[in-house]
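Single-structure report; data block below.
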Amino acid sequence: AWWSAYEAWSREPSTFPWANSTSGDAESPGAFIFSELRRALEARAPAVEIVDSPDSADLVLWNVWDVALCQASGHQALAWELQKGRLSQSCPAHFALLAWLQRTPRWRRNHGRDHVLYVDSPYSWESYLDYTPEWKLQQTHALPPFVPDQQEVRGITRNATMIGIEERRLPEHRGSSSFVAVPYFASTDKYQAPLSRGRSHLVGFAASSVLNNYSACEVCSQMPYGPTEIRARIFEDLRSGCTAGECEVYDLTEAIGADQRNNLTFYASAGVDLGEVVHDATFCPIPRGDSGCTKRLFAAILGGCIPVILSDSLVLPFASAVDYRGAMLRVPEAQLMSPGFSLLALLRSQTPRQTAALRAGLARVRGAISYRPGAGPAVGTPGRRVQGRAALPRADPDAMDFLVASLARRARRPREDLAITAAGLYGSEPVMVTTPLM
């Protein structure tokens, strides 16, 4: 009976009973990718072909909407998970299906390396109990109702190709798996604004000053500075240096409390509109949080606020094809934390010509990080060849078009890294602060 419910929600995602939990602005793009993947594949025909049998396929796509399947099977997701549209770890029903998948001859042919599935964070699937402290696990609202066998999970996460928003594991803990990084979901209805819009503030920054005292990111835990230290440095610089009206700064820890920072319904009651923050500022600082990546990057790009990357471990989706360098500034964490450096001074030093060039760069990047609905959810029988002429790819490709192109590239170059970080793209060279010439 529960499978029938999942099939019904899959055909019409708007009927999913918990759809409103995200308020149309989920963090995870998992539900969107599930709905739109087949259309995006069809749009690239004949370069990409959906074949009759997995035995003749270069890649086998396991296109499962994890949250919906788990809720249909009786799994009780936590409130914050439903708000973000993702689970920390999947549920018994999905892991049972994945255990079956690993026993199939097609999986065993290449040990799953040519199988593709969506996993927001492989590290979370593998290690939730390892990095979450005991005191937090004792809180009933923080303990997942199900914790899978770690070796069973690793059979998937250390072999398959995964699509997700963040690869938090150290390279030596990834096995032979591959990871295709995609943007966080950010609602275009909420965040997108004209690039020509007038900006009333030089800097816009709404963030929590106090973050978890444990790391949900294995890569980040190896770095010399913690996220709370980095946030403190940014707040100190802006609070001590900004003139009246120059900066719009909100400390969410003070405004709504540390325990409620994942509850977006509290933001409005505290007078904080994240959409307006990115709409009204010229520059938006992007530090890391509990992990290396953050949704604020993609909200800023849509809002026309020039991102200032302050996270060495932030992954830039589709970086081999998207010109991020021309659309944002980047400051290495070591430089940000060094004595005498001022982020505010750097931003004040940007000339109108430089700012205009960066904003033009945002126009070129925007499409690649946007999730735009196409023909709607693809409905059909899995494993059947699609008949008829496929739609042509968009002239202005979006995140789904870049995802399909990345998967096609993955089929040809299975060892290529498709999760490039800011540090990997820019290196460690410090940014120069100059006196404005005009």
From the options Y250, Y214, residue that is open to solvent by 30 Å² or more (accessible area, probe 1.4 Å), under 22 Å from the mean Cα position of the chain (by Cα) and in contact (Cβ under 8 Å) with a residue 24 or more places away in the chain: Y214
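Yes or no, residue by residue, for (1) of a type outside the set (D, E, K, R); (2) open to solvent by 40 Å² or more (accessible area, probe 1.4 Å); (3) modelled with pLDDT of 75 or more:
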| site | (1), (2), (3) |
| --- | --- |
| V119 | yes, no, yes |
| S124 | yes, no, yes |
| E134 | no, yes, no |
| Q139 | yes, yes, no |
| D149 | no, yes, yes |
| I156 | yes, no, yes |
Test: residue in the stretch 232-241 that is under 23 Å from the mean Cα position of the chain (by Cα) and open to solvent by 50 Å² or more (accessible area, probe 1.4 Å): no
Identity of the residue in the stretch 35-72, within 17 Å of Y118 (Cβ to Cβ) and part of a loop (DSSP other than H, G, I, E, B), that ends up farthest from the chain's Cα centre (by Cα): L59
Residues that are surrounded by 20 or more Cβ atoms within 10 Å (Cβ to Cβ) and not hydroxyl-bearing (S, T, Y), drawn from the stretch 311-321: D312, L314, V315, L316, P317, F318, A319
Residue in the stretch 390-399 that is at negative phi, open to solvent by 80 Å² or more (accessible area, probe 1.4 Å), within 23 Å of the chain's Cα centre (by Cα) and modelled with pLDDT of 75 or more present: yes
A31 vs. criteria over 19 Å from Y118 (Cα atoms), open to solvent by 30 Å² or more (accessible area, probe 1.4 Å) and of a type outside the set (F, W, Y): no
Residue in the stretch 373-380 that is open to solvent by 70 Å² or more (accessible area, probe 1.4 Å), modelled with pLDDT of 85 or more and either more than 18 Å from E49 (Cα to Cα) or assigned to a helix (DSSP H, G or I) (or both) present: yes
Complete set of residues in the stretch 98-112 that are of a type outside the set (D, E, K, R), surrounded by 13 or more Cβ atoms within 10 Å (Cβ to Cβ) and in a helix (DSSP H, G or I): L98, A99, L101, Q102, W107
Number of positions in the stretch 406-423 that are open to solvent by 60 Å² or more (accessible area, probe 1.4 Å) and not in a loop (DSSP other than H, G, I, E, B): 2
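The values are calculated or read from the model by the stated rules, or taken from the named source; none is laboratory data. Keep in mind the model is a prediction, meaning the values are calculated, not measured. All Cβ positions, even for glycine, are placed from backbone atoms using ideal geometry, and neighbour counts span all protein chains on display. Protein only, heavy atoms only, side chains kept; ligands, DNA and RNA dropped before computing areas. Shrake-Rupley method; radii C 1.70, N 1.55, O 1.52, S 1.80 Å.
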